[in-house]
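Written below as structure tokens is the structure these notes are about.
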2 protein chains.
Amino acid sequence: MSEQMFRIALASRPDGAPSAENFSHEAAPLPVPGEGEVLVRVHYMSLDPYMRGRMDDAKSYAAPVPIGGTMEAGGVGEVIASNSPAFKPGDFAFGMFGWASHGCLPADQLRRLDPAMGPVTAALGVLGMPGFTGWYGLTELGRPRAGETLVVAAATGPVGSMVGQVARLAGLRTVGVAGGADKCRLATEMFGFDACLDHRAYDTASDLRAALAAECPDGVDIYFENVGGKVLEAVFPLLNEFARIPVCGMVAWYNAGALGAGAADAGLSGPALWRSILVKYMSVNGFIISNHFDRFPEFLSQVAPKVASGEIRFLEDIAEGLENAPAAFIAMLEGGNTGKQIVKLI
Amino acid sequence: MSEQMFRIALASRPDGAPSAENFSHEAAPLPVPGEGEVLVRVHYMSLDPYMRGRMDDAKSYAAPVPIGGTMEAGGVGEVIASNSPAFKPGDFAFGMFGWASHGCLPADQLRRLDPAMGPVTAALGVLGMPGFTGWYGLTELGRPRAGETLVVAAATGPVGSMVGQVARLAGLRTVGVAGGADKCRLATEMFGFDACLDHRAYDTASDLRAALAAECPDGVDIYFENVGGKVLEAVFPLLNEFARIPVCGMVAWYNAGALGAGAADAGLSGPALWRSILVKYMSVNGFIISNHFDRFPEFLSQVAPKVASGEIRFLEDIAEGLENAPAAFIAMLEGGNTGKQIVKLI
């Protein structure tokens, strides 16, 4: 095998928003699978907000990507060589192949996909990590009850759209927040949100709060936190007693990191925040889905049939070419994508 | 019945720490029990930090005490008249009689006590609301596992001492924080804490943190939050991944309300706090025990035998006379009590 593979490495750590210079495009010899290993040609790779955290040299979910190391990502692709009885060439599999044209992993780190069951890209979104994140966070930490009201931001994203749809199916009023009128229309028309507010249409958290309050006449029982920033500031004072706040991401703060000017008034800083948690009996739970893979089979068994039947819908935003992954990633962090961001490699 | 009763009313709302002028001592005709009601002469009443919250005209657990209204409190006493078949004169009962010499309540709001089972004052502390608060918060929201490390402040108080003892019996390393060397000695010698730190011996949260870190070599898995302020600031950066923070009180902030100068460094303000909740997968849960009375029988059945056997110990600090309740309450908010604060009325 004298063929080459290509990968995208972390060239330098971003200070704030990442830019093209933080990434480098590298060629390398195609790996030869060792005992028990499987070589996969990646067809689609996933871009997710958590990857921004991996670019920093700071304590987070996991170790940072080292300078010169391949950016992390999940991908789906076709087995082209196998030293494991568990896979044969032509099989399709999901694995953490990174931002790369090929991946070589032990067979037990791969999950077999059946292309006859639907598009393999679903394993990156609605039936993959983002969908699982939304389902787990909502059902386990959000503890939804019929008649309650849920708010989630990035409502057309793969996490937010799962949260909204599972909540609606559980009988909740669902109010989304998204960036732009088009996404808001998608949220209500495609994903069935009862309402969706365009955060760009409101200059301040306080204005957004007034609009949310109008859409949440009974207050907010679950705020699924996947963005932080202005939306958190807008929602926080609207939370009811016994509110649940699953916290799975803070994308608004990945690049920057200051509360807005109205945060103190919103009770988000200092003792006021702790006092709110106390007097409203709030339940605030941070989580990362990789700690809960034991629940993945349950997720698939509950959600995959609803995806197949169309009860749960999904939307993908597919960029073309590994070389365009950095630009797609940078745009995604600014909300430039609509639906699950994927890169098509071949 | 031309007899009189006495009560202590809220004369004015405190601005910061309460003072004697916020309370008034009033006489009133002894109530006559209506149909189904029971008249009780109060022997002991309870003083608890939550009462400070009731003095403010702000959103909290419950409606504030109105100006001129009787301060709220639980008490134990002897039935002196009954219009209910459930109680007869001479029976002992617990009820929310307020800061008052007598109370008249419907029979279904009273809980019968058996003086043969031990001192009736236990119903105000170790086997009452504070002990139940510690047990519920620790077992349900703290989810203790053998080998973990717990930190709790006010370690000799009725909540903190229950938390520490239940945690120790569950196999945790228990580290208390208390005000003064005498209380720290009590915490280790009487309540079995592995260590107890005197927060008064450390000028800053940072100094207290260094001392706590030395006593918690494996970090902190459960911080039972009942004080807020400097202790929270000291503990927060020591919390491990998957840390649980049951939040039942913030007595350090009841009177004042600003974070210390080092709060930002401790990650307690703004995005840093939310980021910590996320990246450490923290579980922060505010609660007030009155929402969980359905668990009270389970609490009693688990804890009362351990109190009877001496496995769980308790300490009471008894002031004499209803007229001294305000002074005892004011002192308690400053940490002047040692053990459960009770007022003996007769």
Cα extents of the range B:44-158 along the three principal axes, largest first (Å): 52, 40, 22
Sequence-distant or interchain residues sharing an amide H contact under 5 Å with B:Ala153, placed H: which? B:Val177, B:Asn226
Integer Hz, Karplus 6.51/-1.76/1.60 couplings in order for the range A:67-80, x for Gly and Pro: 4, x, x, 6, 4, 7, 5, x, x, 10, x, 10, 5, 10
Normalized C-alpha radius of gyration of the range B:129-289, against 2.2 N^0.38 Å? 0.93
Sorted shortest first, the nm distances from the A:Thr204 label point (7 Å along Cα→Cβ) to its counterparts in the other copies are 3.5
For B:Arg13, which inter-copy label distances result when the label point lies 7 Å beyond Cα on the Cα-to-Cβ vector, reported in nm to one decimal and in ascending order? 4.8
For A:Asp56, go 7 angstrom from Cα along the Cα-to-Cβ vector, then report the distances to that same point in the other copies in nm, smallest first. 3.1
Taking the alpha-carbon centroid of each part, what is the distance from the range B:139-189 to the range B:297-338 in angstrom? 16 Å
So how far, in whole Å, is the C-alpha centre of the range B:108-132 from the one of the range A:219-247? 39 Å
Cross-link candidates for A:Lys88: which lysines have Cα within less than 26 Å, leaving aside residues fewer than 8 places away along the same chain? A:Lys344
Across chain B, where is the longest run that never hits GluC sites (Glu not before Pro) in a DSSP loop with at most 14 other C-beta atoms within 10 Å? B:36-310
Kindly express, to the nearest 10 degrees and within the range 0 to 90, the angle between helix A:158-169's C-alpha long axis and the longest C-alpha principal axis of chain A. 50 degrees
If we restrict to alpha carbons, what Rg and Dmax does the protein assembly as shown come to, in Å? 29.2, 106
Shielding by partners - mean other protein chain Cβ count within 10 Å, residues of B:287-297: 1
By residue number, which cysteines of chain A lack any other Cys whose Cβ falls under 4.7 Å from their Cβ? A:Cys104, A:Cys216, A:Cys248
Quote the charge dipole size of chain B about the Cα centre in Debye, to the nearest 20; the model charges only the Cβ of Lys and Arg (+1) and of Asp and Glu (-1). 500 debye
Below 8 Å, C-alpha to C-alpha, sequence gap of six or more: please give me the relative contact order for the range A:129-289 in percent. 22 percent
Closest beta-carbon to the A-to-B rotation axis: which chain A residue owns it, and what is the separation in whole Å? A:Val284, 2
Taking Cα pairs under 8 Å and at least six residues apart, what relative contact order does chain B come out at, in percent? 17 percent
Centroid-to-centroid separation of the range A:1-56 and the range B:22-66 [C-alpha atoms, Å]: 67 Å
Per-residue HN-Hα couplings for the range B:14-23, Karplus 6.51 cos²θ - 1.76 cosθ + 1.60 at θ = phi - 60°, whole Hz, x for Gly and Pro? x, 10, x, 5, x, 9, 4, 5, 6, 10
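What is the antiparallel percent of DSSP beta bridges lying wholly in chain B, to the nearest 5?
Around 55 percent of the beta bridges assigned by DSSP in chain B are antiparallel ones.
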Built amide H within the under 5 Å cut-off of B:Leu113, gap 5+: B:Phe92, B:Ala93, B:Phe94
Taking only the Cα positions of chain A, the convex hull volume per residue in Å³ is 131 Å³
Would you list B:Val177, B:Val227 from fewest to most Cβ contacts within 10 Å? B:Val227, B:Val177
Charge tally in the Cβ shell below 14 Å around B:Arg13, where Lys, Arg are +1 and Asp, Glu are -1, B:Arg13 excluded: -2
Roughly how big is the protein assembly as shown's charge dipole about its Cα centre, with Cβ charges of +1 (Lys, Arg) and -1 (Asp, Glu), in debye to the nearest 20? 560 debye
Note, ³J(HN,Hα) from phi for the range B:284-291, Karplus 6.51, -1.76, 1.60, rounded to Hz, x at Gly and Pro: 10, 9, x, 7, 10, 5, 5, 7
The helix B:296-309 Cα axis meets the longest alpha-carbon principal axis of chain B at an angle in degrees, between 0 and 90 and rounded to 10, of 80 degrees
Positive end of the charge dipole of the protein assembly as shown (Lys, Arg +1 and Asp, Glu -1 on Cβ, about the Cα centre): tell me which of B:Ala210, B:Ile289, B:Pro115 has its Cα farthest that way. B:Pro115
Within the range B:105-180, report the trypsin sites (Lys or Arg not before Pro) that DSSP leaves as loop and that have at most 15 other Cβ atoms within 10 Å. B:Arg145
Fluctuation leader among A:Pro305, A:Pro144, A:Pro130 - chain A, Gaussian network, Cα springs under 10 angstrom: A:Pro305
Treating only the Cβ of Lys, Arg, Asp and Glu as charged (+1, +1, -1, -1), what charge dipole size does the range B:129-289 show about its Cα centre? Round to the nearest 20 debye. 260 debye
With springs only between Cα atoms under 10 Å, which of B:Pro85, B:Pro64, B:Pro237 fluctuates most in a Gaussian network model of chain B? B:Pro85
Using Cα springs under 10 Å in a Gaussian network model of chain B, which residue among B:Ala167, B:Ala155, B:Ala116 shows the largest mean-square fluctuation? B:Ala116
Take A:Arg13, B:Arg7 and order them by how many other Cβ atoms sit within 10 Å, fewest up front. A:Arg13, B:Arg7
Cross-link partners among lysines for B:Lys230, C-alpha distance below 25 Å, same-chain residues fewer than 8 apart left out? A:Lys59, A:Lys280, B:Lys59, B:Lys183, B:Lys280, B:Lys340
Sequence of B:Cys104, A:Cys196 once ranked by neighbouring C-beta atoms within 10 Å, starting from the fewest: B:Cys104, A:Cys196
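Readers should treat all values here as calculations from the given coordinates under stated rules, not as data from a laboratory. Owing to the predicted nature of the structure, the values given are computational and were not obtained by experimental measurement. Positions of Cβ are generated from backbone atoms using ideal geometry, with glycine treated the same way; all protein chains shown enter the neighbour counts.
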